[in-house]
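The values are calculated or read from the model by the stated rules, or taken from the named source; none is laboratory data. This structure is a prediction, so every number in the text was calculated from the model and none was measured. Note that we place each Cβ from the backbone using ideal geometry, even for glycine, and neighbour counts take in every protein chain shown.
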Amino acid sequence: MTFDPHSHPHAHPVERRLPTVDAGLDSGHARAHSDVWLSDVTAGYGDRVALENVNLAVEAGSLLAVVGPNGAGKSTLLKLMAGLITPWHGRVEILGHPAGQQARRVAYVPQAELVDWGFPVTVNDVVMMGRYPAMGRFQRPGADDRRAVAAALEQVGMGGHASTQIGSLSGGQRRRVFLARALAAGPDLFLLDEPVTGVDPTTQEDLMDILEAEARSGKTVVATTHDLACAAQRFQQVATVNRTILAHGPSSLILDPDVLAATYGGHLLVLGGQTVVLDDAHHHDDAPAGERHFHEGGGGGAARRERPEP
Amino acid sequence: MEVLAEPLTHAFFVRALIAAALVGTVCAVVGTFVVLKGLAFIGDAVSHAAFPGVVAAYIVQGPILVGAGIAAVLTALAIGFVTRRAGIRGDTAIGVLFAGAFALGVFMFSTIQGYVGDLFGFLFGSLLLTGVDDLAALAILGAIVLGAIVWCWKELLFATFDPQGAAASGVRVEALEYTFLALVALTIVVSLQAVGIILVVAMLVTPAATGQLLTVRFGTLVVLAVAIGIGSSAVGLYVSYWLDVASGATIVLVQTALFLVALVLGPRSGLLARRRSSAAVPA
């Protein structure tokens, strides 16, 4: 039994077995020891269902990859955890409270395409935004805030770029800066949408080293990714998603051909013992109508597919 | 020197100059966020939507600023609501509400019998007619708008740049959005006296747009926009005084000229800069 920094004094709910590898634990136990707890959640946009009957419990200190094909609901799952969308049905508890209530203890990093990179802010400005929620009205950044920002930038290897405008950064550098913003906030839960998509291998290794260290220190990290190799090698746990959570457990157990076949369906190709996922690195399919996507100036080298804005 | 000093001997010109500087400042600060949020069209819509309020106040002999304020704020909030809730594209909702509100104003305007000269002041601005009580109203409204912007400065910047990241970290983005739309409406009311309904969107958008051509830093952008807002208002007012032409239109023309100069010479998008370093400038 590991130490749980977030004790949950409230009564345990009616027992319900989770259809995951966690299911050995009863749900009350899972809930009490989870930073992220979803029970029978259905959610979507407009009248379109994106996720249904989702059950998931993520223990404190986990490093969890959320994988699945385009439009499977990965981003939706993350937005539910971040309290950005309200479930139609079911409950989402984050750090022991309904999603959205512990916002200052949560750092959410959106997909790179959702950020306007032409915006007139510097790297330092962006990372400082991570400190804003904890600062008072009319209060300007103090010495503590500046130290935290400098430390976060140093941690992601961007210490020399503090006064660079974000638009002139490469794709990898942009992901580093957004991770620095999350680090500067000092959260207990990181929710990262595609943090290593389209970045160079060095950046991927660096970012994963940082996330691993955060998880070791008791923070919980949930990240969506298209990179199954990265999920298998660098994450402790994997949840596979396709309209619901199909499997959740240690990455070694989850990433087997049967689970992947169930998750990816026709997008999966098995070639002489090797499993290949036919999927591109960019997805808009589960994005709600009206979400703004910014494509200009992407230096990430990711496969990009243009689509008329909704 | 005489060119600058002579007009200052007239109290009406001094009042007009102070009003122009106030309006220039408030518009530039609010306009910076308007430009970054991509709300220029909303600014145009809300200013036209103030017209029925102005006409209604004129008909019932009430205070014009109050009529304009109510109409502008209601329209701004309606646009926000329809866009968010009715599943209609933002530009469509704006097009419908803005034309509808302006038509209502024209309709009411056409029912008025007799002299309506005062109303033309609100269509095209009448800076040189600014009275002491107008100035007081401007100062109070301007202080309210600027105070509110400073009050939520950090949230506004965070939510403008990354609405989802801001919402996830506890910023109440939707409430902030409505507050900002109401502030845009108040800013427009503040500016009616100076440039009038038709041209007010230029006061909001042009200084910040010009600033964007010159800097990539947010703080510098706000300072530049304010400097351009105040400077062009003062220059426009002097030019209109000496040439005896419409002050509101002259101010907007000065701003437009500055924008065109920045477009050609500016370090970011300038035609000269592009020639200088076609390789070094990142996308």
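Annotations
- For the range A:191-238, the candidate set comprises residues that are small (Gly, Ala, Ser) and either closer than 19 Å to A:VAL106 by Cβ or within 14 Å of chain B (Cβ to nearest Cβ) (or both); within that set, the residue that is surrounded by the fewest Cβ atoms within 10 Å (Cβ to Cβ) is A:SER217.
- Evaluation of B:ARG84 against (1) surrounded by fewer than 19 Cβ atoms within 10 Å (Cβ to Cβ); (2) at pLDDT 85 or above (one fails), failing number: (2)
- Set B:LEU204, B:LEU176: member being in a helix (DSSP H, G or I), closer than 30 Å to B:ALA257 by Cα and modelled with pLDDT of 90 or more: B:LEU204
- Residue check, A:ARG175 touching a residue at least 24 places away in the same chain (Cβ under 8 Å), surrounded by 22 or more Cβ atoms within 10 Å (Cβ to Cβ) and more than 11 Å from chain B (Cβ to nearest Cβ): yes
- Flag if B:PHE259 is over 17 Å from A:PHE119 (Cβ atoms), away from every other protein chain (no Cβ under 14 Å) and either part of a helix (DSSP H, G or I) or touching a helix residue (DSSP H, G or I) at 6+ places or on another chain (Cβ under 9 Å) (or both): yes
- The range B:18-47 - residue that is of a type outside the set (A, V, I, L, M) and surrounded by 24 or more Cβ atoms within 10 Å (Cβ to Cβ) and, of those, modelled with the lowest pLDDT: B:GLY43
- Test: residue in the range A:200-219 that is of a type outside the set (A, V, I, L, M, F, W, C), without any contact (Cβ under 8 Å) to a residue 12 or more places away in the chain and closer than 28 Å to B:LEU213 by Cβ: no
- All of A:SER62, A:SER34 fail the test of being at pLDDT 90 or above, of a type in the set (Ser, Thr, Tyr) and out of contact with any Gly (no Cβ under 8 Å at 6 or more places or on another chain), apart from A:SER62.
Here is a yes/no grid of residues against (1) outside any loop (DSSP other than H, G, I, E, B); (2) in contact with a strand residue (DSSP E or B) (Cβ under 7 Å, 6 or more places away or on another chain); (3) more than 24 Å from B:GLY236 (Cα to Cα); (4) among the hydrophobic types (A, V, I, L, M, F, W, C):
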| site | (1), (2), (3), (4) |
| --- | --- |
| B:ALA71 | yes, no, yes, yes |
| B:PHE81 | yes, no, yes, yes |
| B:ALA99 | yes, no, yes, yes |
| B:PHE102 | yes, no, yes, yes |
| B:PHE109 | yes, no, yes, yes |
| B:GLN113 | no, no, yes, no |
| B:LEU135 | yes, no, no, yes |
| B:ALA139 | yes, no, no, yes |
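- With respect to the conditions (1) touching a strand residue (DSSP E or B) at 6+ places or on another chain (Cβ under 9 Å); (2) closer than 20 Å to A:ASN124 by Cβ; (3) assigned to a helix (DSSP H, G or I), A:CYS230 lacks only one, and its number is (2).
- Check on B:PHE122, in a helix (DSSP H, G or I) and within 14 Å of chain A (Cβ to nearest Cβ): no
- Flag if A:ALA247 is within 12 Å of the chain's Cα centre (by Cα), away from every other protein chain (no Cβ under 14 Å) and outside any loop (DSSP other than H, G, I, E, B): no
- Taking the range B:135-190 as the range and being in contact (Cβ under 8 Å) with a residue 24 or more places away in the chain, within 14 Å of another protein chain (Cβ to nearest Cβ), crowded, with 20+ Cβ neighbours inside 10 Å and among the hydroxyl-bearing types (Ser, Thr, Tyr) as the test, only B:THR160 passes.
A quick yes/no check of all residues on (1) at pLDDT 90 or above; (2) within 26 Å of A:HIS97 (Cα to Cα):
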| site | (1), (2) |
| --- | --- |
| A:LEU169 | yes, no |
| A:GLY172 | yes, no |
| A:PRO187 | yes, yes |
| A:VAL199 | no, no |
| A:ASP206 | yes, no |
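- Check on B:VAL34, closer than 21 Å to B:MET203 by Cα and not charged (D, E, K, R): yes
- Index of the failed condition, B:ILE94 passing every other in (1) away from chain A (no Cβ under 14 Å); (2) in a loop (DSSP other than H, G, I, E, B): (2)
Conditions (1) of a type outside the set (S, T, N, Q); (2) touching a strand residue (DSSP E or B) at 6+ places or on another chain (Cβ under 9 Å); (3) more than 18 Å from A:GLN155 (Cα to Cα); (4) in a strand (DSSP E or B), marked per residue:
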| position | (1), (2), (3), (4) |
| --- | --- |
| A:LEU179 | yes, yes, no, no |
| A:VAL196 | yes, yes, no, no |
| A:ILE210 | yes, no, no, no |
| A:HIS226 | yes, yes, yes, no |
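- Set A:GLU52, A:GLU113, A:GLU59: member being in contact with a Lys or Arg (Cβ under 7 Å, 6 or more places away or on another chain) and more than 9 Å from chain B (Cβ to nearest Cβ): A:GLU52
- Residue list for the range A:128-137, filter: at the interface with chain B (Cβ under 7 Å from one of its Cβ atoms) and either assigned to a loop (DSSP other than H, G, I, E, B) or among the aromatic types (Phe, Trp, Tyr) (or both): A:TYR132, A:MET135, A:ARG137
- Check on A:ASP145, buried (at least 16 other Cβ atoms within 10 Å of the Cβ), facing another protein chain (nearest Cβ under 9 Å) and not basic (Lys, Arg): no
- Of all residues in the range A:116-127 being within 9 Å of another protein chain (Cβ to nearest Cβ), more than 19 Å from the chain's Cα centre (by Cα) and not in a loop (DSSP other than H, G, I, E, B), the one that is surrounded by the fewest Cβ atoms within 10 Å (Cβ to Cβ): A:THR122
- Within the range A:148-166, the set of residues being under 24 Å from A:PRO201 (Cβ atoms) and either assigned to a helix (DSSP H, G or I) or within 11 Å of another protein chain (Cβ to nearest Cβ) (or both) comprises A:ALA152, A:LEU153, A:GLU154, A:GLN155, A:GLY159, A:GLY160, A:HIS161, A:THR164, A:ILE166.
- Residue selected from the range A:86-110 under the condition at the interface with chain B (Cβ under 10 Å from one of its Cβ atoms) and aliphatic (A, V, I, L, M), by the criterion surrounded by the fewest Cβ atoms within 10 Å (Cβ to Cβ): A:ALA103
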